[in-house]
Amino acid sequence: MTYLSRVRQRLRPAVLLALGLALCLPAGSAVGATGASFDDPIGDSAEFAPDLGATTVTVGDDETVSVDTRIVPRPPALWGGCAYSVAGVCIPADMTVTWYLDHTPSSGSVADDGADAKVTVIPRRGQTFWEGARWDGANGKFAAGAQPLGVEDPGGVRWTLRLADLGIPRPATLRVWVVSLYKSYNGLGVLLNYEDRAGPGSVAVPGLPGGSGSGVTAACKRKAKVVNGIQRRLRKLRRQAANGKPGAARKLRRLNETKGRAVRAMKRRCGAPVAADAPPPSAAPPGCKLVTKPVLQQEGVGIHAEWVIKPEVVVEC
Ligand SMILES: [Ca+2]
Ligand SMILES: [Ca+2]
């Protein structure tokens, strides 16, 4: 039997289902904070891949999400050590623990069960590297995002990121699962491929107080107004640059950079824009509903674009 098939056998779906059902809500959450935890047995990964235990997800009232996962490192590499040594030289293992976050139905990485964001920790040669990434639908791949604040203790790890940095809207149903992976070639050139999976668990991220995001909409309108103002100035500068006005080309370049920042700030506030010519969704997946609410839309393209807030039918979960 190969190593891989042994790993696969250990991860039969029935086990995963049972783990998913073990989800429970913690008692005594702080006011405004919400969370969930899910368990995974210690001992189902006895070697190579770090063994995942319990995971606790907390959405704080400070607009952050924190995830704590208990981990037991396994031999031979333990936590980022050597897969093996050749003449005293350490060959490091390729080891990662990745948290997948799915917050929006009908978008995200199909290969990763619809995940819209992920956080990865890479232990290697006594150092620990943290990475955050968000699904980039336009390019069909994960794009590097804000780096999580990661903390280690002898029994596991914990990381924190802002909801906005992971693209998590309010309200949302956040599904989280964890994958511990180990890959290396042994001395005979055979690929060792081990994994431990935990979850999924799900957390209800409530909407902001005051109804369906009224405060968000006001802030979003302000951000859209800023971007539209920059667009008008860009059109004017472009005409001036075309007519050879001194300094106009330089100002144009600088303002384009400002625009990039303003557009990103606007999208953080407003959420992803809804395409004006996209047909409205006809049905909502289980656990979600169709609602009419103001969304961000782009009218016109390129330098002639105007950003508007318009009511549209969207899926809300
Ligand atoms: Ca485990
Ligand atoms: Ca998704």
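Quick notes on this structure:
- Derived scalar couplings between HN and Hα for the stretch 305-317 equal 5, 10, 9, 10, 10, 10, x, 9, 7, 9, 8, 10, 10 Hz in order, rounded to whole Hz, by the Karplus curve 6.51 cos²θ - 1.76 cosθ + 1.60 (θ = phi - 60°), x for Gly and Pro.
- Residues Cys270, Cys90, Cys82, sorted so that the one with the fewest Cβ neighbours within 10 Å comes first: Cys90, Cys82, Cys270
- Note on Thr173/Trp130: beta-carbon distance plugged into 1/(1 + (r/R0)^6) with R0 of 22 Å gives a FRET efficiency of 0.30.
- The stretch 214-316, dipole about Cα centre (Lys/Arg Cβ +1, Asp/Glu Cβ -1), debye to the nearest 20: 960
- Comparing Pro281, Pro41, Pro123 in a Gaussian network model of the chain (Cα springs below 10 Å), the most mobile by mean-square fluctuation is Pro281.
- Karplus (6.51, -1.76, 1.60) ³J(HN,Hα), θ = phi - 60°, over the stretch 252-268, in Hz, Gly and Pro reported as x: 4, 4, 5, 5, 4, 5, 4, 4, x, 5, 5, 5, 5, 4, 5, 5, 4
- Taking a sphere under 14 Å around the Cβ of Trp79 and counting the other residues whose Cβ falls inside, with K and R at +1 and D and E at -1, yields a net charge of -2.
- Straight-line cross-link partners of Lys221 among the lysines, defined as a Cα under 22 Å from its Cα and at least 8 positions apart when in the same chain: Lys259, Lys267, Lys293, Lys310.
- From phi via Karplus (6.51, -1.76, 1.60), per-residue ³J(HN,Hα) for the stretch 146-158 in Hz, x at Gly/Pro: 4, 7, x, 8, x, 10, 10, 9, x, x, x, 9, 9
- Each listed q (0.14, 0.19, 0.23 Å⁻¹) maps to a log10 I(q)/I(0) for the stretch 214-316 from the Debye sum over equal C-alpha point scatterers, namely -0.62, -0.93, -1.17.
- P(r) histogram, all alpha-carbon pairs of the chain included - 20 Å bins from 0, percent: 27, 48, 22, 2
- Secondary-structure-derived ellipticity at 222 nm for the chain, considering helices only, amounts to -7500 deg cm²/dmol, per-run term -39500 (n - 2.57) for DSSP H runs with n ≥ 4.
- Residue separation of Thr258 and Leu149 scaled by 0.36 nm, minus their Cα-Cα distance, works out to 36.5 nm of gained length.
- The chain: most fluctuating residue of Gln297, Gln231, Gln240 per GNM, C-alpha cutoff 10 Å: Gln240
- Here, the stretch 76-208 yields an orientationally averaged convex hull projection of 9.6 nm² when only Cα atoms define the hull.
- Dividing the Cα radius of gyration of the stretch 257-307 by its Kirkwood radius returns 1.06 for Rg/Rh.
- Along the axis of the charge dipole computed for the stretch 78-152 (Cβ charges of +1 for Lys and Arg, -1 for Asp and Glu, origin at the Cα centre), the listed residues Ala133, Ala111, Gly81 are led at the positive end by Gly81.
- Among Ser106, Ser37, Ser45, residue whose mean-square fluctuation peaks in a GNM of the chain (springs only between Cα atoms under 10 Å): Ser106
Each reported figure results from applying straightforward, stated rules to the coordinates on display, with no laboratory input. Just so you know, these numbers come straight off a predicted model, no measurement behind them. Backbone-built Cβ (ideal geometry, glycine too); neighbour counts: all protein chains shown.
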